[in-house]
Amino acid sequence: MTDMTTPKLVSLPDRGLFELGGEERIAFLNGLVSNDMAKLSPTTSLYGTFLTPQGKFLYEFFALTDGASVILDTERERIDEFRKKLRLYKLRSKVTVSESDPAAHVFALVGDSAPAALGFDADAAPGATRHLGTLAAIGDTFAVLDPRHAGLGARIVVRAANEQSGTADIAAALADHLAVAVGSRGDYDRRRIALAVPDASRDMIVEKSALLESNIDRLNGISWDKGCYLGQELTARTHYRGLVKRRLVPLRFADGTPPEIGAEITKDGSVVGDIRSAAGDLVLASVKLAALDGDGPPLRVGDTVLEPLPTP
C-alpha cells in the first residue's frame, strides 16, 4: 500500500448530500437500510446500503447527523433517484426528504495521520464524528473517520458551502485550515482498492451485486441483530449459510497492457471474474473464490498477469 503518512485532501465530486428530517426519520430508515440507524449520533456516523427486496445493491450511503436531521452522503448522479425511492416508501411516516444540496462538497482525507489532523483522539473508532462548525470561505463542515475501515482515513462533508467558491477554492481553503496537502483522486483510489473497498456503482452492479460479494459485511455496513429491513432475508441467509462464492479483491499487474474496466479475468482459459475499478497498477475485481486458492495457472486479462494482494 502507498505510504500515506502525510494526509492528502482529495475532492470527491461524484458525491452529493441530501437530508431526512421529521420525528420518525431514524425508525423510517431503520426499516429500509442494512445498518442500525439507532446507533447514529452527532458523534458517530454510519455506512449502509439500500437494497432491492431481493437483497441486491441499489444505493450506498454515509449517514451523519447534526441532531435535527440525517445527512446522507451518496452518489451525486443517482441522488434524485434515491430520494424518489425513499419518498415511495414514506407513506404516512413523519419524515421529510429534502432536495439535494447544490452547495455540498465531500472530500476524503487519506493518510495515516488523517485522524490527528482533524483533532481526533488516537483511539477514536471508525465512524467517530466531529462538527468543525461553519468555517470561513468553506461552509458548515463535518469530519468523519471513515466508518468502513480505519485505513481509509477520514471524510469531510461540507454543506451550505460558500456558493461564490468552486470546489478547487474550497479544497484549497480546507487544506490550508487543516495544514494538509491537496491530493489527487488516485491517492484515494489506490488506498481504497488496496483495502478491497468498493466505490458504489463503480464496483457494485445495481440490482445484481450482493452485499457479501461486495465486502460490505467487512466494512461495518451491515447490522446482524437489528431486525428486518428491505432485502435482509437474502443477506442473512448468505451470511449464516456461508454461501459466498465470489468477492471483490485487489489485484496488481506488473507488466502487459493495463486491463480495461469490465474486462474478463480468466484462469486456465475459464472466465473467473471481471475488472470493476482501477488506479495505477491496482485493480479491484469481482473474482470467484475458487480461483484464488493459489494453485494452477495465474489470473489473466489477455496477456496481462494479475497478482492477488493480501488485504489487511
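Too long at a 29 Å Cα-Cα cut-off: which of LYS8/LYS85; LYS39/LYS90; LYS84/LYS208; LYS8/LYS84?
LYS8/LYS85; LYS8/LYS84
For the chain, return all DSSP H helices satisfying: extent of Cα atoms along own axis at least 20 Å; mean Kyte-Doolittle hydropathy at least 1.0.
What comes out of the filter, once short or polar helices are dropped, is none.
What is the chain's relative contact order, in percent, from Cα pairs under 8 angstrom and six or more apart in sequence?
Contact order relative to length: 20 percent.
Give, rounded to the nearest 20 debye, the magnitude of the charge dipole that the chain has about its Cα centre when Lys and Arg contribute +1 at Cβ and Asp and Glu contribute -1 at Cβ.
Computed about the Cα centre, the dipole is about 960 debye.
Cβ under 12 Å from LYS226's Cβ, LYS226 left aside: what net charge do those residues give with Lys, Arg +1 and Asp, Glu -1?
-1
Once the Cβ-Cβ distance between GLU260 and ALA168 is put in as r, and R0 is 22 Å, what FRET efficiency do you end up with, to the nearest 0.05?
With R0 = 22 Å, the Cβ-Cβ based efficiency is 0.15.
Can you work out D for the range 200-312 in µm² s⁻¹ from Stokes-Einstein, where Rh is the Kirkwood radius over C-alpha pairs, the temperature is 10 °C and the viscosity is 1.306 mPa s?
Rounded to a whole number, D works out at 105 µm²/s.
Put +1 on the Cβ of each Lys and Arg and -1 on the Cβ of each Asp and Glu in the range 157-312; which of GLY227, PRO298, LEU243 then has its Cα farthest toward the positive end of the dipole?
GLY227
How far apart, in nm, are two points set 7 Å out from the Cα along the Cα-to-Cβ line at LYS84 and at GLU99?
About 1.7 nm, to one decimal.
Give, rounded to the nearest 20 debye, the magnitude of the charge dipole that the range 1-120 has about its Cα centre when Lys and Arg contribute +1 at Cβ and Asp and Glu contribute -1 at Cβ.
500
Could you identify which residue out of SER11, SER113, SER214 has the top mean-square fluctuation in a GNM of the chain using Cα springs shorter than 10 Å?
Fluctuation is largest for SER113.
Determine the sum of side-chain charges near VAL305: Lys and Arg each +1, Asp and Glu each -1, restricted to other residues whose C-beta is under 15 angstrom from that of VAL305.
-3
May I ask you to derive the FRET efficiency for ALA137 and GLU24 from their Cβ-Cβ distance with R0 = 30 Å, giving the value to the nearest 0.05?
0.25
Where only protein heavy atoms count, and the probe is 1.4 Å, what is the accessible area per residue for the chain in Å²?
44
Debye calculation, C-alpha points only, no solvent: report log10 I(q)/I(0) for the chain at q = 0.08, 0.09, 0.12 Å⁻¹, in the same order as the q values.
For the chain, the Cα-only Debye profile gives -0.36, -0.46, -0.82.
Place a point 7 Å from the Cα of ASP281 along the Cα-to-Cβ direction; which residues of the range 235-257 have their backbone N under 18 Å from it?
Taking a point 7 Å out along Cα→Cβ of ASP281, the residues of the range 235-257 whose backbone N falls under 18 Å are 250-257.
Whole-Hz ³J(HN,Hα) for each residue in the range 8-15, computed from phi via Karplus 6.51 cos²θ - 1.76 cosθ + 1.60 with θ = phi - 60°, x for glycine and proline: what do you get?
Karplus-based 3J(HN,Hα) across the range 8-15 equals 10, 8, 10, 6, 10, x, 7, 9 Hz.
Amide H of LEU132 versus every other amide H placed in the peptide plane: which residues, excluding those fewer than 5 positions away on the same chain, fall under 5 Å?
It is THR141, PHE142, ALA143, by chain and number.
Of the accessible area of the range 116-251, with the probe set at 1.4 angstrom, what percent is carbon plus sulfur?
Carbon and sulfur together cover 48 percent of it.
Over 16 Å apart: what share of the alpha carbon pairs of the range 4-46 falls there, rounded to a whole percent?
Counting every Cα pair in the range 4-46, those more than 16 Å apart make up 58 percent.
How much FRET efficiency would the formula 1/(1 + (r/R0)^6) give for LYS39 and ASP268, where r is the Cβ-Cβ distance and R0 is 45 Å, rounded to 0.05?
Computed FRET efficiency for LYS39 and ASP268: 0.50.
What is the sum of charges, Lys and Arg at +1 and Asp and Glu at -1, for the other residues whose Cβ falls under 15 Å from the Cβ of LEU86?
Summing Lys and Arg as +1 and Asp and Glu as -1 gives +1.
Which of these, PHE142, PHE57, PHE253, has the largest mean-square fluctuation under a Gaussian network model of the chain (Cα springs below 10 Å)?
PHE253
Just going by the charge dipole of the chain, with Lys and Arg at +1 and Asp and Glu at -1 on Cβ, which of THR65, PRO115, VAL283 is farthest out on the positive end?
Result: THR65, furthest along the dipole toward the positive end.
The values are calculated or read from the model by the stated rules, or taken from the named source; none is laboratory data. Every value quoted in this text rests on a predicted model; they were computed, and no experiment measured them. A quick note on method: Cβ atoms are made from the backbone with ideal geometry, for glycine too, and the neighbour counts reach across all protein chains shown. Each accessible area value is taken on the protein alone, full model and side chains, heavy atoms only, with ligands, DNA and RNA left out. Shrake-Rupley method; radii C 1.70, N 1.55, O 1.52, S 1.80 Å.
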